[in-house]
Amino acid sequence: MEHKTIKKVDIIFAKDTCNPRELLSKTLQRNPDDIILDIIDSGLKGRGGAGFPTGLKWKFTRNEVSEDKYVICNADEGEPGTFKDREILDQVPEKVFVGMAVCGYVIGAREGYIYLRGEYNFLLRSLNAKLETFNALMKELKFDFHISIRSGSGAYICGEESALFESMEGKRGEPRNKPPYPTRAGYNHKPTAINNVETLVYTTMITRLGPTEFKALGTQDSRGSKVFSVSGDTPIAGIYELELGMPLADFVDSFGDGDTKAVQVGGASGHCVPRKQFRDTIIGFEGIPTGGSMMIFNSSRSMYNVLHDYLEFFTEESCGQCTPCRVGCQQLLKGIEAVKRGERKPDYLEELKKLADTMKVAAKCGLGQSVANPFNSIVNNFREEIIY
Amino acid sequence: MSNYMVNLKINNIPVSVPEGSTIVQAANKLNFRIPTLCFHPDLSVAGNCRVCVVEITGARALAAACAMPVAEGMEVFTNSAKVRTARKHVIELLLSEHNADCTKCFKNGHCELQELAAEYRVGDHVFLDLVKASDKILDISSPSIQKDNSKCIRCQRCVRTCEELQAVGALAVACKGDHQRITTFMDKSLHNVVCTNCGQCINRCPTGALVERNYMEEVWDHINNPFKHVVVQTAPAVRIGLGEDLGLEPGHRVTGKLVSALKHIGFDSVLDTDFTADLTIMEEGTELLTRLKKAIVDKDETVTLPMTTSCSPGWIKFIEHTFPELLPNVSTCKSPQQMFGALAKTYYAQKKGLDPKNIVSVSIMPCTAKKFEANRPEMRASGYQDVDYVLTTRELAMMIKQAGIEFTKLDDMHYDSIMGEGTGAAVIFGATGGVMEAALRTAYEIVTGREVPFNNLNITPVRGMEGVREATITITGTRPEWSFLEGVEMKVAVAHGLVNAKELMTAVRDQKASYHFIEVMACPGGCLGGGGQPIPTSADIREKRAQAIYAEDEGLPIRKSHENPEVVQIYKDFLGEPLGHRSHALLHTHYKPRKRY
Ligand SMILES: Cc1cc2nc3c(=O)[nH]c(=O)nc-3n(C[C@H](O)[C@H](O)[C@H](O)COP(=O)(O)O)c2cc1C
Ligand code: SF4
Ligand code: SF4
Ligand code: SF4
Ligand code: SF4
Ligand code: FES
């Protein structure tokens, strides 16, 4: 395994690196297949959580034959502890637009949508103003591509890609069966490339500079850097772009308050890493991946309360359609309450862990499937805190 | 489905199925049954209950076999340890939010959840009880349907039924997470929303969450009351459906045993809705010809065409809500059930020398909407509620069992008289297209003096299960008084299932299609697929029922409504003529617009 140390990077928010006119007029002359090769070569994986190779996603969508195709920028950013997409859209929206346009060019789409988290509506006015300029530029460049914004209505599940499509189609945000995957049947059941905000910015960078510079960062499995949202018991909460592949211990050294007990990597749906595992935990796809959220807990925190909060969140935010998730979340939540109150014996936690394992394999979408991550990691590592 | 075959292995046994098949379909081919709950053959695939999960080699997660398409080289395990644990968990979870008081439940013994629980022997409950007290409050606002949220497993079969088959959308999913539930617009009671009472959701609800309002006890009480004369009428589709609830295969005709069973149960007089179905043809056929005459000869612009049928109360409520502007198109005829009811407490009472206040009029219907219809204020032409109780085919089957009758061993018996005589034309009312066919058989003969020009009276173009069907019949050789119809091409259309009715009526409303006469049945397949028929239902089962109906028609000596001797008699003795004064008072009505919200 490659060993990296913590390294700050300045790609995403670097100003003056993106001149949409220059970049796009050049890119629109290129062969789309070459662009895809660059993205594949860069090793870029999706930054929205699932980590699917972006170049492949574009290739699959390009290969579909359809009159209509779509590019969607997933800006629903609902994962607790994540706030980096907001900052990107606020600071460097043009980089996102360019990424979408390049994607549109590559896959053969004429329409792009930004699905913007409802709580981020304060960004609407400025984003729309900038989009007007950008869309005008597309016209000028004689590129038939237009971006518009759709406002989300406040459910975490609408960040899941297929629920997002349903929501955009005016229906209830419920995840669909997969397959078919979005690359074949996404928005309006047409081929759709859906990418996270941050992913799109990296595609812009790779389009501009080629894959080499991006590839130089990170590890074999986790190329490049990513933007982290650091929160919790840290004196320097905020947004940081860091190289992938660092050991969690380095991260805690830089961001912790000296008394760090655990770090929740990847938000409520991520894993809780206790102090004894900091050194052996790599932040990246080979270790613990994260959509960017890093929540730091010091010894004053009750891990029961932490888990309880997460389970309350999932119990409320489950779309409710599938049994393992709708009922499972409630059972996990009420179950730890019952154990805490002594109404169930401590070994009921074993039943609950088995249930969480079932949710992981039987729930319909990533939400229900990931509840086991925080549940099992917290119960395994902080069992006493749950019981007593 | 594609011709391309995909090879896979299920439980190590190779199988080839067409590309696009699901794992459930492939497993069926090998006779491996994978349990399902949210799946229903009439509906889109939801994949939400997760009881059908299976293991696929190489995949991290289990897959929902109802939704997962097969792939070349796939290796599936339907009963591995991982699958069994997950499936059992799913069943236990469903039960943990379920008010499982089976012994008091109407679906006891007919419940898919109960069957699964029994199969997996989920005995002592591991998980905590999550049933909400508020969910135990029943919605019995509708005279047709009872909704019990505490028995709902959120499979959404009802929601898909109401939307995909009926285009009504009375039921929807609301809220998320632990508050997610199946409800109506603004949580109103079912009686106060656009629900048509068609009962199609009941037919597809796997549990006791949606069932008919049942009136068996009330009917037993009247049967056992010596001062009451209890008459019962049976709709055409009951005789081809009932057997399914009593141990027979779909497609069995049990007319004679049905009559026997009703007599054993103790009804004072066992009569046939077929009689008033024939009467409907006389009234409705005459109404159609009258409208045509007014339009063609008198150039009366107030006449509305096309005329639509009115015998499906689900359709009536639908049009009241959805196409109120088309209400003038609806025939003024009451449904056969209500014609029967009005005559039972007038004509029948007179003939039998009974005081109508002592007559209790019961009908056995394949339909839940007829329960609502019987309670309509329009339906009191006799001075009393014309039909007192409406029982579904399913309720009758339960009463037969309660009475300890061995149904399959019963001798065949004949309906009583009067109002017990029906023709083949009346029997086919039970299938989509049947009213149209019956009407054409009679109307054509009235106008031309000859039988309809179809082999053996079988008007095949209006038969079948296509959602909307059209036919054109050119009228030639008219009798002198109908010469204005000479050469007219009668354009007719038939729709069944409200989603198809909506499509057809939208075209009519927008003047994109023109017809003279339209038959609409609210339920898929017509009454034979009605919301009160035995469960389960599927295209295959409905097809078998349809075949039975047409076989019943062909087997009857009289197959044209106007030749029904009791119909001839009632016009002579009581009604005078079709659309006459008495007919108007007893057999016709008008409906009023309703709001959508
Ligand atoms: C419950 C749930 C919520 C999600 N929320 C988001 C989100 O807010 N933003 C996002 O980019 N991806 C989210 N995802 C992941 C998306 O489904 C999808 O994988 C992603 O948008 C793809 O983009 P990427 O390949 O660039 O990561 C969520 C997934 C799940 C299961
Ligand atoms: S896992 Fe949860 S959020 Fe996903 S489909 Fe099932 S109920 Fe909905
Ligand atoms: S719905 Fe089924 S499982 Fe539930 S109480 Fe009724 S019979 Fe029992
Ligand atoms: S009875 Fe018919 S209209 Fe009413 S909710 Fe059920 S399916 Fe919908
Ligand atoms: S009412 Fe019946 S069909 Fe509808 S979701 Fe509940 S259990 Fe399923
Ligand atoms: S039957 Fe397959 S998920 Fe419900």
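Of note, B:Ala344 satisfies the criterion of being aliphatic (A, V, I, L, M) and closer than 14 Å to B:Ala381 by Cβ.
Consider the range B:19-49. How many of its residues are among the basic types (Lys, Arg) and under 20 Å from B:His89 (Cβ atoms)? Explain how you work it out, then say what you get.
Within the range B:19-49, the first condition is being among the basic types (Lys, Arg), and the residues that meet it are B:29, B:33.
If we keep only those that are under 20 Å from B:His89 (Cβ atoms) too, we end up with B:33.
Summing the residues that are among the basic types (Lys, Arg) and under 20 Å from B:His89 (Cβ atoms) in the range B:19-49 gives 1.
Look at the range B:154-170 and say how many of its residues are closer than 16 Å to B:Asn203 by Cβ and over 18 Å from the mean Cα position of the chain (by Cα). Selection size over the range B:154-170: 2.
Pairing each residue of the range B:35-47 that is among the β-branched types (Val, Ile, Thr) with any residue that is open to solvent by less than 40 Å² (accessible area, probe 1.4 Å) and part of a loop (DSSP other than H, G, I, E, B), provided the two are 6+ apart or on different chains, yields C-beta distances under 6 Å for B:Thr36/B:Cys52; B:Thr36/B:Cys66; B:Val45/B:Cys66; B:Val45/B:Ala67. Here A:Tyr181 fulfils each of the conditions (1) part of a helix (DSSP H, G or I); (2) within 14 Å of another protein chain (Cβ to nearest Cβ) apart from (1). Across the range A:350-366, the qualifying residues are those that are within 16 Å of ligand 6 (Cβ to nearest atom) and surrounded by fewer than 24 Cβ atoms within 10 Å (Cβ to Cβ), and the one among them that is farthest from the other protein chains (Cβ to nearest Cβ) is A:Cys365.
Take the residues in the range B:22-71 that are part of a helix (DSSP H, G or I) and more than 21 Å from B:Cys205 (Cβ to Cβ), then tell me which one is farthest from the other protein chains (Cβ to nearest Cβ). The residue in question is B:Lys29.
Within the range A:31-52, one or more residues are in a loop (DSSP other than H, G, I, E, B), farther than 20 Å from A:Gly112 by Cα, more than 17 Å from the chain's Cα centre (by Cα) and modelled with pLDDT of 95 or more.
B:Ala513 fulfils the conditions (1) over 29 Å from B:His252 (Cβ atoms); (2) assigned to a strand (DSSP E or B) except for a single criterion, (2). Looking at (1) within 16 Å of ligand 6 (Cβ to nearest atom); (2) within 14 Å of another protein chain (Cβ to nearest Cβ); (3) open to solvent by less than 20 Å² (accessible area, probe 1.4 Å); (4) not charged (D, E, K, R), find the lone condition where B:Thr161 falls short. With respect to (1) within 16 Å of ligand 6 (Cβ to nearest atom); (2) within 14 Å of another protein chain (Cβ to nearest Cβ); (3) open to solvent by less than 20 Å² (accessible area, probe 1.4 Å); (4) not charged (D, E, K, R), B:Thr161 is out only on (2). Against the numbered list (1) over 19 Å from B:Leu271 (Cβ atoms); (2) open to solvent by less than 10 Å² (accessible area, probe 1.4 Å), B:Pro328 comes up short only at (2).
Conditions (1) under 25 Å from A:Asp357 (Cβ atoms); (2) within 16 Å of ligand 1 (Cβ to nearest atom); (3) touching a helix residue (DSSP H, G or I) at 6+ places or on another chain (Cβ under 8 Å); (4) β-branched (Val, Ile, Thr), marked per residue:
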| site | (1), (2), (3), (4) |
| --- | --- |
| B:Ser21 | no, no, no, no |
| B:Ile34 | yes, no, yes, yes |
| B:Leu62 | yes, no, yes, no |
| B:Cys66 | yes, no, yes, no |
| B:Glu72 | no, no, no, no |
| B:Asn99 | no, no, yes, no |
| B:Gly109 | no, no, no, no |
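Scanning the range B:132-155 for residues that are open to solvent by less than 20 Å² (accessible area, probe 1.4 Å) and touching a His at 6+ places or on another chain (Cβ under 7 Å) yields B:Ser142, B:Lys151, B:Ile153. Of the residues making up the range B:244-257, at least one is part of a helix (DSSP H, G or I), out of contact with any Lys or Arg (no Cβ under 7 Å at 6 or more places or on another chain) and under 17 Å from B:Gly530 (Cβ atoms).
Taking the criterion of being in contact with a Lys or Arg (Cβ under 8 Å, 6 or more places away or on another chain), hydroxyl-bearing (Ser, Thr, Tyr), crowded, with 20+ Cβ neighbours inside 10 Å and touching a residue at least 40 places away in the same chain (Cβ under 8 Å), would at least one residue in the range B:339-346 satisfy it? If you could, list the steps in order and put the result at the bottom.
First pass over the range B:339-346, keeping only residues in contact with a Lys or Arg (Cβ under 8 Å, 6 or more places away or on another chain): B:342.
Filter again for hydroxyl-bearing (Ser, Thr, Tyr), leaving none.
No; the residues of the range B:339-346 include none that is in contact with a Lys or Arg (Cβ under 8 Å, 6 or more places away or on another chain), hydroxyl-bearing (Ser, Thr, Tyr), crowded, with 20+ Cβ neighbours inside 10 Å and touching a residue at least 40 places away in the same chain (Cβ under 8 Å).
Within the range B:554-597, the set of residues being assigned to a helix (DSSP H, G or I) and among the aromatic types (Phe, Trp, Tyr) comprises B:Tyr571, B:Phe574. Cβ separations smaller than 6 Å between residues 6+ apart or across chains give the following pairs from the range B:505-524 residues that are free of Cβ contacts under 8 Å to residues at least 12 places away in the same chain to residues that are among the small types (Gly, Ala, Ser) and in a loop (DSSP other than H, G, I, E, B): B:Ala507/B:Ala513. Entry remark, the range A:131-178: residues being within 12 Å of chain B (Cβ to nearest Cβ) and not hydroxyl-bearing (Ser, Thr, Tyr) number 14 in total.
Taking the criterion of being within 11 Å of chain A (Cβ to nearest Cβ), open to solvent by 10 Å² or more (accessible area, probe 1.4 Å) and more than 37 Å from the chain's Cα centre (by Cα), would at least one residue in the range B:8-21 satisfy it? Checked against the condition, which is being within 11 Å of chain A (Cβ to nearest Cβ), open to solvent by 10 Å² or more (accessible area, probe 1.4 Å) and more than 37 Å from the chain's Cα centre (by Cα), the range B:8-21 yields no hits at all.
When the range B:80-115 is filtered for residues that are under 18 Å from A:Gln331 (Cα atoms), open to solvent by 30 Å² or more (accessible area, probe 1.4 Å) and more than 11 Å from every other protein chain (Cβ to nearest Cβ), only B:Ala100 remains. Is it the case that A:Leu56 is assigned by TED's automatic domain parsing to the domain that holds A:Pro182 and either of a type in the set (Asp, Glu) or crowded, with 17+ Cβ neighbours inside 10 Å (or both)? No.
Pairs under 8 Å by beta carbon, first residue modelled with pLDDT of 95 or more and buried (at least 24 other Cβ atoms within 10 Å of the Cβ) in the range A:183-200, partner in a loop (DSSP other than H, G, I, E, B) and among the hydroxyl-bearing types (Ser, Thr, Tyr), six or more apart or different chains? From the range A:183-200, the pairs are A:Pro191/A:Ser66; A:Pro191/A:Thr183; A:Thr192/A:Thr183; A:Ala193/A:Thr183. All of (1) surrounded by 24 or more Cβ atoms within 10 Å (Cβ to Cβ); (2) closer than 28 Å to A:Lys8 by Cα; (3) more than 19 Å from the chain's Cα centre (by Cα) hold for A:Met294 with one exception: (3).
Note on the range A:262-381: enclosed helices (runs of 4 or more DSSP H) holding 2 or more residues that are more than 16 Å from ligand 1 (Cβ to nearest atom) and within 25 Å of B:Cys38 (Cβ to Cβ) are A:323-340, A:348-362. Scanning the range A:302-318 for residues that are in contact with a strand residue (DSSP E or B) (Cβ under 7 Å, 6 or more places away or on another chain), of a type in the set (Phe, Trp, Tyr) and open to solvent by 10 Å² or more (accessible area, probe 1.4 Å) turns up nothing.
Considering the range A:319-343 alone, what residues qualify as being closer than 18 Å to B:His98 by Cβ and small (Gly, Ala, Ser)? Talk me through it step by step, then tell me what you get.
Just the residues of the range A:319-343 that are closer than 18 Å to B:His98 by Cβ, to begin with: A:320-331, A:334-335.
Across the range A:319-343, the qualifying residues are A:Gly320, A:Gly328, A:Gly335.
Within the range B:118-152, the residues that satisfy the criterion of being touching a Ser or Thr at 6+ places or on another chain (Cβ under 7 Å), within 16 Å of B:Leu94 (Cα to Cα) and away from ligand 3 (no atom under 15 Å from the Cβ) are B:Phe127, B:Leu128.
The values are calculated or read from the model by the stated rules, or taken from the named source; none is laboratory data. Fair warning: this is a prediction, and the values are worked out from it, not measured in the lab. Cβ coordinates were reconstructed from backbone atoms using ideal geometry, including for glycine residues, and neighbour counts include every protein chain displayed. Keep in mind that these areas ignore ligands, DNA and RNA; they rest on the heavy atoms of the full protein, side chains included. Shrake-Rupley method; radii C 1.70, N 1.55, O 1.52, S 1.80 Å.
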